[in-house]
1. Among the numbered criteria (1) touching a strand residue (DSSP E or B) at 6+ places or on another chain (Cβ under 8 Å); (2) open to solvent by 10 Å² or more (accessible area, probe 1.4 Å), which single criterion is violated by B:Gly253?
2. Taking B:Ile312, is it crowded, with 20+ Cβ neighbours inside 10 Å and away from chain A (no Cβ under 13 Å)?
3. Taking interchain pairs and intrachain pairs at least six residues apart, which have beta carbon atoms under 6 angstrom, with the first residue in the range B:886-905 and away from chain A (no Cβ under 11 Å) and the second assigned to a helix (DSSP H, G or I) and open to solvent by 40 Å² or more (accessible area, probe 1.4 Å)?
4. Test of understanding: among B:Thr712, B:Thr736, B:Thr708, which residue is at pLDDT below 80, under 30 Å from B:Ala858 (Cβ atoms) and surrounded by fewer than 19 Cβ atoms within 10 Å (Cβ to Cβ)?
5. Which residues, taken from the range B:241-287, are away from chain A (no Cβ under 14 Å) and either on the phi > 0 side of the Ramachandran plot or aromatic (Phe, Trp, Tyr) (or both)?
6. Mind telling me which of the residues B:Thr434, B:Thr445 ends up being within 14 Å of B:Gln610 (Cβ to Cβ) and free of Cβ contacts under 8 Å to residues at least 40 places away in the same chain?
7. Can you pull out the residues in the range A:79-98 that are in a helix (DSSP H, G or I), more than 9 Å from every other protein chain (Cβ to nearest Cβ) and either of a type in the set (Phe, Trp, Tyr) or open to solvent by 50 Å² or more (accessible area, probe 1.4 Å) (or both)?
8. For the range A:123-135, check the following and say yes or no: at least one residue is touching a residue at least 60 places away in the same chain (Cβ under 8 Å), open to solvent by 10 Å² or more (accessible area, probe 1.4 Å), in contact with a helix residue (DSSP H, G or I) (Cβ under 8 Å, 6 or more places away or on another chain) and part of a loop (DSSP other than H, G, I, E, B).
Amino acid sequence: MKIMFLIRLCLISLAFIALSCQDFLDEKPAKHLTVPNSLDDLQAILNNRNLYFWNSSMPEAFADNYYVEESVWLAASEAHGKFYYHWDSKVPSDQTWNYFYTWIIYYPNVVLDQLNNFKETSENRQQYNTIKGEALFYRAFAFWQLAQLYCKPYSETAKTDLGIPLRTTAAIETPSVRATVQQTYDQIIGDLLLALDLLPEESVVPTKPNKTGVYGLLSRCYLSMRDYVNAGKYADLCLKAHSDLIDFNTVKTDPLPFKRFNKETIYYAYCGNTVSILGNPRGRIDTLLYQSYDEKDLRKKLFFTEMTGENVGSFRFTGSYDGEHNIAGVVHSITTAEMYLNRAECFARDGKKDLALADLNTLMKNRWDNSVPYPSITATSAEDALEKILVERRKELVYRSLRWTDLRRFNLEGRNITLVRNVNNQQYLLPPNDPRWVMLISDEVINRTGMPQNPRN
Amino acid sequence: MKNYTRLKSVFMICALMSFFTPSIYAQQQTLRGKVSSAETNEHLAGVSIQVKNKQTSTKTNAKGEYQISVSTGDVLVFSSVGYANKEVKLEQQLVLNVALSPTRQEIQQVEISTGYQTINPERFVGAASKLDSASFHDQAGKGIIERLKANVTGVLFPRQATEEPTIRGLSTLYAIAGLGVHAPLIVVDNFPMDHRFDMNSINPNDVLDITVLKDAAAASIWGARAGNGVIVITTKKGKYQEKLNFSASSNFGITEKPDLYAYDRMEIADFIEVERFLFGKNHYTAQLNNSTTRPIVSPVVEVLNQLKNTDIDEATAEALIAGYKKNDIRRDLERYVFQRAIKQQHYIGMNGGTDNANYSLSFGYNQNRSNLQHSKASQDYTVKANYGMKPIKNLEINTGLFYTSAKSPASNLPLFSTIPYEALADADGNPLATSRLIRRSYLDTAGNGKLLDWQYRPLDEMRLTDNNTHTKSINLNVGASYRIFDGLRGSIQYNFRTQNGFQKELRTQETYYVRDLINRFSVITGDVAKSEFPMGAYLNLYDTETKSENLRAQLDYAKSWKVHNLSAMLVAERSESVSSDRTNTFLGYDDEYETYKKDINHNIAYPIFQRIAGTTGKIPENNKLSSGNTSRFVSFLANASYTYKNLYTLYGSARRDGTNFYGATTNNKWKPMWSIGASWNISNEAFFDLSWINSLKVKSSFGYMGNTVPITGLMTITRQKIPDEFTGLPYATIPTPPNPTLRWEQIKTINTGLDFSLLNNRLSGTIDYFHKQSIDLIASMPMDPTIGITKQQINSASLKTNGTELKLNSRNLQGPIQWNTGFGFSYVKTIVTKFFDNGYRASDFIGLGVNPTEGQVAYGLASYKWGGLDPSNGQPQGYLNGELSKDYQAIFNDSIQNQNFHGSSMPLVYGFINNSISYKNISLSANIAYQLDYYFRANTIDYSLLYNVNRVTHPDFNKRWQKSGDELTTTVPAMAYPVVARSDAFYANSEVNVHRADHIRLRDIRLQYRINKGSIPHLPVQSVQLFLNASNLNIILWRANKKGLDPDLTYPSQYQSYPSSKIWTMGFNIQF
């Protein structure tokens, strides 16, 4: 009986073991999986490269800095984005839209939602504010890029023109509804002004925004709205904080001469969402654009490389401010050069000819071959200065995703620019203010949300 | 966790009861007797005598005598092969002589094993199919689970051999390859073996039988893991009071080379002419002028380019092209790459037992030569030992141990070029270079001879592959059971499984992988090339470890009194399964001295040679540490079964699980899974008086099962281990959006069945009708991307399944020639009853596997309506708003209601017919499988692939529209240049390419010769069996489609995947 007693005792104690562990089911299924429980976790979300990498080169694909040979266009497939070349943007699923909303807007929204779970204290205030400021900046930048593609340019009718869905939360239940263009730009500027107070003067790497970057984006945004007073004001604030220019005489001639985080880059934004039709070896630089550079203009050598074989005489773009990537090399970075051009343009539009030319010459001196004396640019009037600034603007900001925005605003000002593409044995024209200056929203989004589509004819 | 408290208390009370209940012993006595044949009065040796519902058993000796320890009221079961079982209820007698009646082939009254208990089929109210030992071992050479194929009803194997079978149709929609989520639960010797363990660690020769649990009454006892059905594998063990048996078996199988011609392909000459046509259109300009990444240019295009640049003359060019037209990569693959695979299995085993102990021990050795030349053979050693003992009265201890050591080489199948005419070897068999990533003409001259050879030769790669895995598996079972008082047993069982894999992947400097890396990181200064990537080999070591532990406490109660029989069970268990893996990379490795290069900086971006793949790159490494995944379960379960007069049985079970996947909220929301069932043995009724019906039983059950999907409802982020490449900052990703509403999937099942045996047991079988409702199924729902996620896993779907199963065994002929037929029929139709509609377009249905249309069959096949070819240009036309249209995208975007819905893409009706004929010692059997009522999409041309990826396409190319009028005789669109966007996708998915998939297939044939001591008294052993199996014959006896297509071969293949080849296996089994 003694043995039996022991055995029964064992039985019961094992039953206890089987049942007693309250914590047994609290084990995490995998160690790397964690519920965000610190500000460091939220910072890690914002450190994800998706936030600075998946900007869109679509504006460049629509613009007139490049062309594609007929045979190359025929050989390309839909996946190369060949139809975007003649502004046909009807697609079942749109990578551009999806990348913006699933990465550059969703991640900040998750962070902003989660921030509510943390208390701001005097110890964590700096980190808390930086996180919030970064999130607002990334989201505002994405909203602005979307507005350049899927909305009419900002104009008098902005209060009724269709904007983009302004998603400001990660909550799945919230439906996606299109705002107006006015609301869209109000949101962008509001977010940026908030970020301005939260972000530090300096950031660790150029992929992280700081105050200077916010000034730069505000200037860019106001310029696209043709609010030249504010565009000039923020370009000025930006340049006061950061005005370094690269002297192109110091840049070694190399197939890809510029470094990724160079000193002109205030905020680094790569266009990872590449439309390959405009990249090497398909896209070639517009012949007239290439010819417009002076032989002593170092950009002619540093930005472009002549093609080989039967394509001698055509040039491809190799002056990417990304440095590393040799496919298309489109970046959307905010640079000091862009700010000089913004400020110069705003001065000129304000009638301040000399100030405008001073900015333009500061920039151009750094682009000019120093073996010959720099011929300062002069102008007869503020209007003349403006024309010269806009010429240099185009030549400086090749493959920076800015030309499309400029063309849209120029056409609102009566510059009457028609784009032309010759492929598929026909000529495609994009006259000013044609509905195709606004991209279509994908079938997938329209079907799932019922939001209004952009008009065609 | 709080909700467990109540169940916990119940368990505690039961455990305590066992402690305080006084012991009651029935009086034990010894019974003796003789067993003889009722026909001949001869004494019968080796008759097994078992006390029903107890562990006590014995066998008669050579004189037919036996003795056994029994108590009053026990029921003795006498059984012997070739004789009908006999049950005798004991009164107070001390001697019992029994005569058994011979039957040629008694219906096997095999016990049903659920993994928790074994149930007498008479009292079983659920639906289960059993693959008995003989049918299992007749399929020597095959994998364990594979042997269920076309042998039991209700189990359907998908077309792809690598996928898991489904039991009684689809129960879940959540399917991720390799996660085993939609796979049935596999239980080996009472404990689940999750998908992370390699089934090959169990030697098929050690398996006794397999039971498939199909309905709620059978499977619901496995609760939240039973939703997809349960497969219970039982291994061989020794028995008490059994004489020592030895057995040996060996088999040798030859698998034929894969059939490289199984998929239709356009002619090489046509393919080359297309290249010539495209060259004329300047199609290759971008590739030919690419001076950075230098993409592949095919040999013919290279020749045409040289001709255009007048580097060669026309005659030379034409001669070269004519040479290419004669090549065919399939010929080279047959000659230089594939070989017959050879598989051997050798096995010896012994088992036996005394009154107080039983034991079994086996050794196995399996060797497998792969179907690829230059590949090492894989080798498995298995050892299995079981020992059971009764050290003291009422106590029984069982132990079991498997050990497997497996050495297996990774596949050495190299990547082949898609260009179908690049020869793999020259006329003397020397390996030749083929296109891989970079243009060959560039590689010839790159670096002017200062770099390492940069060409890729697939045949060299095969020879150089040195990648082997050594896996060791241990499975340990320890259990003790104690008879607390008559009828009540308490037991504790513990199971421990571990599987350690160690993989050594050595890539020597001769391999393309290493040469390519060395060259990429090379810089040429003057005459010397120096590479940042170290010379020498690249070594990867992978360690994986998977462990599971299971602890189970169980109380069993079984009692028969008068006309009552009661059995009940109460179990508490907890289990944990953990897997982890590590990878280490060594560069500049020297296998001879085991030296390697240290201090390699993997964070510096070095320039890439001529920017062939980006401007800069970092030296790759593969170091990884992953503590892996932990899954834990805590479960409580109980069941009870009551039988009255062997006529009526009532059954009930309940189970509750908790897991660490979902978090406490979800665990608490979840209701227990339960089942009830009843059966009625009509033929046992006194009024039952139909002599031609030997037995008749009806049964019915109802209950719930669950399915565990390993996703979490919590908002989680993943901290990445490697910092961001550009910034060096640590970062996180968001793998799952928060989903607080996540619940477990539930499957409600009703089963009604009839077991019968007629005409002196010559015809026997089972009919089952079932109805399943799967609710709260987790489905991947496409979302509005604007929200921020493109897909969300939510409990959004419901399925409804109806089915019928019929299994018939018939003894058609008896006498000198015996002819038996086994017939299986399964009908399963699963309808989607609910699916969250989120703006689906027709194209969503074309692409998705599970068709999410409410009211339609799951895994449905839809297609676009066909409007013929446009007579003016041969482009395909569909219908939009009732009118002919070529706006393919608008058609894709249209509602599926305006397009075609054909039916299921999985067979709704399937089954098998197995015939076996034997004469004297020879028997011949054949296995025929049929699959009916479903559709498939035939392969056809794809011009986009043909133009842009250098992929050879379908021979429909020859039937393409070429001139007006062709549209009357063909449906194949014209070859347009450039490709009309989306016309390929429209045509491939249009109704003209959908066909009935119904077919009947002869799978296996087996020839067997058996001799035993009964027929040849001088035989030195008990019995010898010799056999020859021909499996995977894949002979289609009938098919519904008129095109002669094999519906199971509908996936386009590019040399890497082939239909399973015929296997010829021969071998022997000896019983000593």
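The values are calculated or read from the model by the stated rules, or taken from the named source; none is laboratory data. On a predicted model such as this, the values are computed, not experimentally measured, just so you know. Heads up, the Cβs are rebuilt from the backbone with ideal geometry, glycines too, and the neighbour counts pull from every protein chain shown. Surface areas here come from the heavy atoms of the whole protein model, side chains and all, with no ligands, DNA or RNA. Shrake-Rupley method; radii C 1.70, N 1.55, O 1.52, S 1.80 Å.
1. Exception for B:Gly253: condition (2).
2. Details: crowded, with 20+ Cβ neighbours inside 10 Å: no; away from chain A (no Cβ under 13 Å): yes.
Spelling it out, it is not the case that B:Ile312 is crowded, with 20+ Cβ neighbours inside 10 Å and away from chain A (no Cβ under 13 Å).
3. Here the result reads B:Asn900/B:Glu991, each pair linking the range B:886-905 to a residue that is assigned to a helix (DSSP H, G or I) and open to solvent by 40 Å² or more (accessible area, probe 1.4 Å).
4. Working: B:Thr712 fails: surrounded by fewer than 19 Cβ atoms within 10 Å (Cβ to Cβ); B:Thr708 fails: surrounded by fewer than 19 Cβ atoms within 10 Å (Cβ to Cβ).
Within the list B:Thr712, B:Thr736, B:Thr708, the selection yields B:Thr736.
5. If we filter the range B:241-287 for residues that are away from chain A (no Cβ under 14 Å), which is where we start, we get B:241-273, B:276.
Scanning the range B:241-287 gives B:Gln241, B:Phe246, B:Phe252, B:Tyr261, B:Tyr263, B:Phe271.
6. Working: B:Thr434 fails: within 14 Å of B:Gln610 (Cβ to Cβ).
Selected residue: B:Thr445, the only one of B:Thr434, B:Thr445 that is within 14 Å of B:Gln610 (Cβ to Cβ) and free of Cβ contacts under 8 Å to residues at least 40 places away in the same chain.
7. Listed by number, the residues that qualify are A:Tyr84, A:Tyr85, A:Gln95.
8. Going residue by residue through the range A:123-135, those that are touching a residue at least 60 places away in the same chain (Cβ under 8 Å) are A:124, A:126-135.
Pick out the ones that are also open to solvent by 10 Å² or more (accessible area, probe 1.4 Å) and you get A:124, A:126-130, A:132.
Keeping just the survivors that are in contact with a helix residue (DSSP H, G or I) (Cβ under 8 Å, 6 or more places away or on another chain) gives A:124, A:127-130, A:132.
Narrowing the set further to residues that are part of a loop (DSSP other than H, G, I, E, B) leaves A:124.
Yes, that holds for at least one residue.
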